[in-house]
Structure formats: structure tokens, C-alpha cells
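The structure appears right after this line, and notes come after that.
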């Protein structure tokens, strides 16, 4: 016996102002999250994109084609009630930031990392007041507790909706600095993703691309760019 699937029942998805922001209605019925909370998002632009996702559904509803709706659901149902835990998870990347771990050889890779990553580490020190220690190799380097506390404060300054996007920017890149650089407009999402893949790009230059790895890389890049767009819609 096949499982039950939701099907389109509405004619039009519309955006309406609501207490705390904007909501989406399917004809007269307001959209709710999986936890049955009213879906209220911070900006009209985000609500319009979500409404378009619902309007694009034909026949059976496919949540996998509705990334902005899923992001809003996560912000409301998961991040808001677990705000401090989510902040801790994201801020934790500051203790092992990708940009702080450099190659020990060959020299051209060392130089490439330094040329691209050093300005971002400097930016974190100056703009975020978070001077991070940099090391060569994979042995963990302890970051100053005061620096980690300041980075946590920066992360905690974001809304639950922004944290949904920031989480993916940081987790996909492996770098809290890169995630915050995108969030603050220091780097474009395209540039930040490329910066996070310096080691992988070097390997491809030396040995060639692997088709399966390239497909995985494309999916990661798409998810990274979507996270940046979602952050921008938060207002």
C-alpha cells in the first residue's frame, strides 16, 4: 500500500501582512509549518518567493522543490526554540576554522592559501575583533577564549531566519569567517565558495577532475549559493 501524499488543493498562493512579518495563504488557508505553527517570515520578499514555490506545485506537493519554505520552517520550528544551541553549533566552527589550517607543502599551495586566506583572517581580526591563531598542518591550535566568545556574540546577533542560512554557509565552507564574510558583504557567495575550495582546486589542477566528485561539488555549491540568497531575503 503506497504512503499518503499531499496534493494541491488551492488555486492561488498570496502574500499577506501578518503580526511580526508576512505570511502566505493558499486561497483562504494560511500556510503552517510541520509543527502547525503559522508560517510568518520577516520580509515581503521572502514571503513572495515562498508563495511562488507553492504556486509552482502541480499535483503532488514536492517539498524537495521548495527550499525557501523548508528554510522558513526550520527557522520557526527548530532554530527559534533551540536558539542558543544553534548559536553554539555555528560559533563552534571558529575553534577549528578552515582558514587557520595551512598546508605544509608544496610551496605554491602554501603561497596560494596565504594570498587568499590571510586577508580574510586579517578582516576577522579588524572587523570582528577576532584575531585567530593560524597554524600549518592538522594538529589543532587553541584559539583564545576571548576571541571565541566575541565570535559567539557576533553569531548570536543574527535572527533565527538568518541563522538558518548562516549555518549552511559555515558548515558547507568549513569556515565561520567565510560564512560571516558572505553575511556581511565582504565576499560574494561565488567567491567565498571558491576560497573554501582552494585545496580541492589544487588537487584537480595536479591530477584532474573526478566526475563523481565534481557532481558532489556542484551540489555543495548550489546549496551554498541558496544559503546566501536566503540570507539576503531575511532583510
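The values are calculated or read from the model by the stated rules, or taken from the named source; none is laboratory data. Bear in mind the structure is a predicted one, so any value in this text is a computation, not a measurement. All Cβ positions, even for glycine, are placed from backbone atoms using ideal geometry, and neighbour counts span all protein chains on display.
If you go through the stretch 94-118 and keep only what is free of Cβ contacts under 8 Å to residues at least 60 places away in the same chain and surrounded by 13 or more Cβ atoms within 10 Å (Cβ to Cβ), you end up with 95, 96, 100, 101, 102, 110, 114, 118. Residue count for the stretch 1-33 satisfying the condition of being assigned to a loop (DSSP other than H, G, I, E, B), surrounded by 13 or more Cβ atoms within 10 Å (Cβ to Cβ) and modelled with pLDDT of 95 or more: 2. Residues of the stretch 109-154 that are in a helix (DSSP H, G or I) and touching a strand residue (DSSP E or B) at 6+ places or on another chain (Cβ under 6 Å): 113 alone.
All told, residue 91 falls short of being under 22 Å from the mean Cα position of the chain (by Cα), surrounded by 15 or more Cβ atoms within 10 Å (Cβ to Cβ) and within 15 Å of residue 22 (Cα to Cα).
Being at negative phi, assigned by TED's automatic domain parsing to the domain that holds residue 202 and touching a strand residue (DSSP E or B) at 6+ places or on another chain (Cβ under 9 Å) is a description that does not apply to residue 69.
Residue 35 meets the stated requirement of being over 20 Å from the mean Cα position of the chain (by Cα) and outside the structural domain of residue 194 (by TED's automatic domain parsing). Scanning the stretch 38-66 for residues that are surrounded by 13 or more Cβ atoms within 10 Å (Cβ to Cβ) and assigned to a loop (DSSP other than H, G, I, E, B) turns up 39, 42, 43, 57, 61, 62, 66. Do we have residue 179 as at pLDDT 95 or above, over 18 Å from residue 99 (Cα atoms), in a helix (DSSP H, G or I) and within 13 Å of the chain's Cα centre (by Cα) here? For residue 179, the condition - at pLDDT 95 or above, over 18 Å from residue 99 (Cα atoms), in a helix (DSSP H, G or I) and within 13 Å of the chain's Cα centre (by Cα) - is not met. Entry remark, the stretch 94-108: residues being under 27 Å from the mean Cα position of the chain (by Cα) and in a helix (DSSP H, G or I) number 6 in total. All of (1) assigned to a loop (DSSP other than H, G, I, E, B); (2) crowded, with 23+ Cβ neighbours inside 10 Å hold for residue 170 with one exception: (1). Out of 137, 157, 153, one residue alone is on the phi > 0 side of the Ramachandran plot, surrounded by fewer than 18 Cβ atoms within 10 Å (Cβ to Cβ), out of contact with any helix residue (DSSP H, G or I) (no Cβ under 7 Å at 6 or more places or on another chain) and without any contact (Cβ under 8 Å) to a residue 60 or more places away in the chain. It is 137. Applying the set (1) without any contact (Cβ under 8 Å) to a residue 24 or more places away in the chain; (2) assigned by TED's automatic domain parsing to the domain that holds residue 202; (3) touching a helix residue (DSSP H, G or I) at 6+ places or on another chain (Cβ under 9 Å) to residue 64 leaves exactly one unmet item: (2).
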